[in-house]
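Trainee: I have a structure I would like to understand better, so I am pasting it below and will then ask my questions one at a time.
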Amino acid sequence: MVIETATGEEAIILRCPTLKSFGLAAFSSYNGQFFRAARSIRRDPFQKEQFMPSFFRLAPACLMFTILIAITSHARSADKPIAAVDANMCRAMQELDVLHKNAAVSCAQLRIVYFSYLGFDGKVHDDGAVMVMAALADHVQAIFATLLQRKFAIAGAQLMQHYRGDDLAAMRANNTSAFNDRAVTNGSAPSLHAYGAAIDINPIQNPFVEFEDAGKTRYSPAAGSKYANRLVVRPGKAVRKGMAEDVVDVFAENGFLIWGGDWDAPIDYQHFQISRTLAKRLAALPVAQAQVVFNDYVNSYRHCAAATKSVTASESGNIVKTNTVKTKCMAAVDQP
Ligand SMILES: [Zn+2]
């Protein structure tokens, strides 16, 4: 699909799913000054007399979808690192399948954390954004600031409305994300993502791994199968970037003690979360109070971890150290 930009600015490129036969490509610039929709090249031969009525019938719907995306993409990171979810964005999230009726948290309980990150291209990008529970926002900001300091590569982080809440699409795009009002995979309980209390990071480098009958293994996304081997350094091969094992301590130090890479079946290498008990407790409290509870929780873990680290100083490896600390400290601090 050919997209042209008048300004050379970073553009959001979308394909409207309702216009299957001829497609409508739309793009908008981040500063909101330029916006237009352009009809794209039809893939299949299409009779003009059939095409035009369909176009005029479906174009308004597609245009509306594009406007919703433009609204949700408008804010930038530099001057507002943590932003509330305003009424427009809240409405857009509902329209775009990211937020539903009877959700575990309201828009007032969510925040957008904007951040800069090191891309796999070795350059610093300033367009990172994740939506999380408000009580966690300060610590999520600290997580991504530390990842940048550590030069941990991130492929990209756009809010889930860019993918209409489609987790599989976001994973295929290697998108780092958090809030998405959805059920757990292969289940009906709300995912911790539905609380804004879980973060998925670089899904290709850190796939979701399921084990089916007859010994079959399924990787989501499929490209993640290249990372079945979890070693970062291997003889004669390039050192690998963006793998979650490198940063388990950063997430733990900021309250995200649970890592899906510690699970047995499935294994969810991209997934960091707080406990469900804690998420439910925070969701039931007013934001300011929930913030105090979470800060206390994080401080309690850090205190325990600091005392434990001296014991584990001789051990090598981030995982071994962090998991040793977690083993000692999780039970001590993870009280509802
Ligand atoms: Zn996840």
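Trainee: (1) over 17 Å from the mean Cα position of the chain (by Cα); (2) under 20 Å from Leu148 (Cα atoms): which one isn't true of Gly236, the others all being true?
Mentor: Among (1) over 17 Å from the mean Cα position of the chain (by Cα); (2) under 20 Å from Leu148 (Cα atoms), the lone unmet condition for Gly236 is (2).
Trainee: Would you confirm whether any residue within region 265-287 is surrounded by fewer than 15 Cβ atoms within 10 Å (Cβ to Cβ), at pLDDT below 95 and either basic (Lys, Arg) or part of a loop (DSSP other than H, G, I, E, B) (or both)?
Mentor: So far as region 265-287 goes, yes, one or more of its residues are surrounded by fewer than 15 Cβ atoms within 10 Å (Cβ to Cβ), at pLDDT below 95 and either basic (Lys, Arg) or part of a loop (DSSP other than H, G, I, E, B) (or both).
Trainee: Is there any pair with a first residue in region 154-174 that is crowded, with 20+ Cβ neighbours inside 10 Å and of a type in the set (Lys, Arg) and a second that is assigned to a loop (DSSP other than H, G, I, E, B) and at pLDDT 95 or above whose Cβ atoms are under 7 Å apart and which are 6 or more apart or on different chains, and what are they?
Mentor: From region 154-174, no pairs qualify.
Trainee: Right, something else. Please work out if Asp249 is part of a helix (DSSP H, G or I), acidic (Asp, Glu) and either away from the ligand (no atom under 14 Å from the Cβ) or modelled with pLDDT of 95 or more (or both).
Mentor: yes
Trainee: Let me ask another. How do the pairs read when you match residues in region 177-201 that are on the phi > 0 side of the Ramachandran plot with residues anywhere that are near the ligand (Cβ under 9 Å from one of its atoms), using Cβ under 9 Å and keeping only pairs 6 or more apart or on different chains?
Mentor: Going by the 9 Å Cβ cut-off, the qualifying pairs are Gly196/Ala178; Gly196/Asn180.
Trainee: Within region 221-237, can one find any residue that is surrounded by 15 or more Cβ atoms within 10 Å (Cβ to Cβ) and within 15 Å of the ligand (Cβ to nearest atom)?
Mentor: Yes: region 221-237 contains one or more residues that are surrounded by 15 or more Cβ atoms within 10 Å (Cβ to Cβ) and within 15 Å of the ligand (Cβ to nearest atom).
Trainee: With the requirement that a residue be assigned to a loop (DSSP other than H, G, I, E, B), among the aliphatic types (A, V, I, L, M) and farther than 17 Å from Ile143 by Cβ, what does region 174-196 give you? Show your work before the answer.
Mentor: Taking region 174-196 and keeping what is assigned to a loop (DSSP other than H, G, I, E, B), we get 174-176, 178-182, 184-189, 191, 196.
From what's left, among the aliphatic types (A, V, I, L, M): 178, 184, 189.
Val184, Ala189, listed by residue number.
Trainee: Say we look at region 298-318 and pick out the residues that are among the polar types (S, T, N, Q) and over 23 Å from Ala135 (Cβ atoms); which of these is modelled with the highest pLDDT? Lay out the reasoning, then the answer.
Mentor: Step one: filter region 298-318 for residues among the polar types (S, T, N, Q), giving 299-300, 308, 310, 312, 314, 316, 318.
Restricting the remaining residues to those that are over 23 Å from Ala135 (Cβ atoms) gives 308, 310, 312, 314, 316, 318.
Values: Thr308: 82, Ser310: 67, Thr312: 60, Ser314: 56, Ser316: 54, Asn318: 78.
Once the filter is applied, the top-ranked residue is Thr308.
The values are calculated or read from the model by the stated rules, or taken from the named source; none is laboratory data. Only a predicted model underlies this, so the values are computations on that prediction, with no experimental measurement involved. Here the Cβ is made from the backbone with ideal geometry for all residues, glycine too, and neighbour counts use every protein chain on show.
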